[in-house]
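Read the structure below first, then the notes.
The values are calculated or read from the model by the stated rules, or taken from the named source; none is laboratory data. Model, not experiment: these values are computed from the prediction. Note that each Cβ is placed from the backbone with ideal geometry, even for glycine, and that neighbours are counted across all protein chains shown. We work out accessible area using only protein heavy atoms, side chains counted, and drop any ligands, DNA or RNA first. Shrake-Rupley method; radii C 1.70, N 1.55, O 1.52, S 1.80 Å.
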Amino acid sequence: MNHNRQPQAGRLANWLLSWVQPNGAILGFHNRSAGGADSYRWTDFTSDHSTWASPLLPSIALLLLQRQDAKLERMLLQLVRFQTSAFQEDGQYAHIGFQFGENETFSLIYNAMANISLGLTLEYGDRFLQDEEKAAIREAMEKNFKAIDRIYPFGTKTISNQEYARVWAKLLYVRAFGGDDAMLEELRGQLDNMASHYLFSGLPDPDCLASYRCDQDKSSTEAGESYGLLIGPLLLAYRLFGDENYLKQAGALCRHVARSSWQDRNGRQRMHRIWNRSGRKWTKIVEPRLIAGMGLTLFSIQEYIKLKPDSELLAYLDDCDRTFAYYQNPRGYFGSPIGCYSEAGIAPSTAWHSHVLLYFAAKPTGLHDRFWQELHDECLGESVSVLLGNSCIWMECGQHWTITDYFGWDPYQLVGRKDEGRSRRDMSCVGGERAQPGQFGFKNRPIFMKTNEGIYCMPGHAEESELQLSSIADVPYRGLWN
């Protein structure tokens, strides 16, 4: 594992940008490790754009605030053009399936995330966005607001993070373009309604506020990764309306996340999954848990600290930074999950990782020269990168990626390319019409043996010293198999 105390944000950004297409789509194999789902499990094989990856847009806008970069600026404009033009016929955004791939065409949260990202991009990118892009963002948000309010009227979806996300997006719109008194009162009323139906104190202590996931089910809380979607709109409401109650709610939600955290077997700070209630007793569920999923919640906690300094929360962010650093692969992505042993727990989703970059890019200390050196370092993607898991392995090199198996096993053998919106099962060993096209071939793929004592690299397939290797397996990596 990596023993740096700070994560290498430049390498993460470099890796994320390697998935961005010339038309502005952000490709990636998207997974939900806490639920074990991905497009492969839904027989969709999509590795296409996802609106859940849209926080990459405000991340780049934040970077451009710190340093002028012509390449990044061109990329941001293309990303905005793609996101503001990719719609379904009913006014919902296209590509809202995330772990379900293109199977899913209905989703409030994945529509709302695109609007949040566009709104934040406006806030951070006002200086360098052209009038054309600003108008496109406004038109896209207005069009989508009409669609989601029609398809998912407020209060009918009954999922806390989704309703808060809708409000956050509309508040960002108001901040950018203004709103009449009726709209502002409606949004304040919705926030107050959410507090009365979802938020409750005492978990894990009286200084904290937790949120039920559904107002019709009081036995389960929101997942730790979702609290950023609650904290964000409350902070913006405080800034817009000056109501201290919103800031107090945000702070109590931040403390719930920090005080619900736990340490994994490597002594690294992790975000909890959920709390479940049986009778009067609440039980904290900690696994499966996704490191990259922490990004948006940490971003919102960090924004709270900017408004109201808090030493406890700052220490929590420092602990999480050390967790990111410990589990970061030299290529830049993270060995994210604990407690998930399938392919859904090994693939580094660009969508989740874009949330982490937003948190890094918004740090008040800014980014140093090393970040900018690594951001555009083309050599980082030339070596084979390997993430060892318990049941399978993630590998990538250049445009190629694979979820592959240990020696003697073949349940996965998924292959894909960073410039292709579909992945597939490697059928080269059987041939026929289902064999993948030649451009999917991953040449000189290293092979690893897993035993009860450890994991070994099989000789004759790759130079071990040239691999960018990290592991989240339960047994140690022990080098070459002799």
Original post:
Taking all pairs of different Cα atoms in the stretch 303-364, averaging 1/r and flipping that mean, what Kirkwood radius in angstroms comes out?
Top reply: 13.2
Subject >> Length gained when the stretch LYS218-ILE285 is fully extended (0.36 nm per residue, less Cα-Cα span) >> reply: 22.5 nm
Original post:
Against the longest principal axis of the chain, how steep is helix 311-326, in degrees 0 to 90 to the nearest 10, with axes from Cα atoms?
Top reply: 20
Subject >> Most to least packed among 325-335, 298-308, 198-208 [average Cβ atoms within 10 Å] >> reply: 325-335, 298-308, 198-208
Original post:
So how do 393-401, 361-369 stack up, highest first, on mean other-Cβ count within 10 Å?
Top reply: 393-401, 361-369
**OP:** State the dimensionless ratio Rg/Rh of the chain (Rg: radius of gyration of Cα atoms; Rh: Kirkwood radius).
**Re:** 0.96
Original post:
Can you work out the base-10 log of I(q)/I(0) for the stretch 27-141 at q = 0.16, 0.18 1/Å, using the Debye formula on its C-alpha atoms alone?
Top reply: -0.73, -0.88
**OP:** May I ask you to derive the relative contact order of the stretch 256-358, considering only C-alpha pairs under 8 Å and at least 6 residues apart, and to give it as an integer percent?
**Re:** 29
**OP:** Using only Cα atoms, find the angle between the long axis of helix 228-241 and the longest principal axis of the chain, and express it within 0 to 90 degrees, rounded to the nearest 10.
**Re:** 30
Subject >> Pair HIS376, THR156: separation of 7 Å Cα→Cβ label points (nm) >> reply: 5.0
**OP:** Keeping the other protein chains in place, figure out the carbon and sulfur percent of the accessible area of the chain, with a 1.4 Å probe.
**Re:** 47
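Sort 228-236, 127-135, 446-454 by packing, meaning the average of other beta carbons within 10 Å per residue, with the highest value first. Present the calculation step by step, with values, prior to reporting the outcome.
Numbers: 228-236: 27.3, 127-135: 13.4, 446-454: 15.4.
Result, highest mean first: 228-236, 446-454, 127-135.
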**OP:** State the antiparallel share, in %, of DSSP beta bridges confined to the chain, rounding to the nearest 5.
**Re:** 85
Original post:
For the chain, with every protein chain kept in place, what is the accessible area per residue (1.4 Å probe, Å²)?
Top reply: 39
Original post:
Say each of SER278 and ASP180 gets a label point 7 Å from the Cα, pointing the same way as Cα to Cβ; how far apart are those two points in nm?
Top reply: 5.4
Original post:
Which whole-number percent gives the relative contact order of the chain, counting Cα pairs below 8 Å spaced six or more residues apart?
Top reply: 19
Original post:
Against the longest alpha carbon principal axis of the chain, how many degrees, from 0 to 90 and to the nearest 10, is the axis of helix 70-83 turned?
Top reply: 70
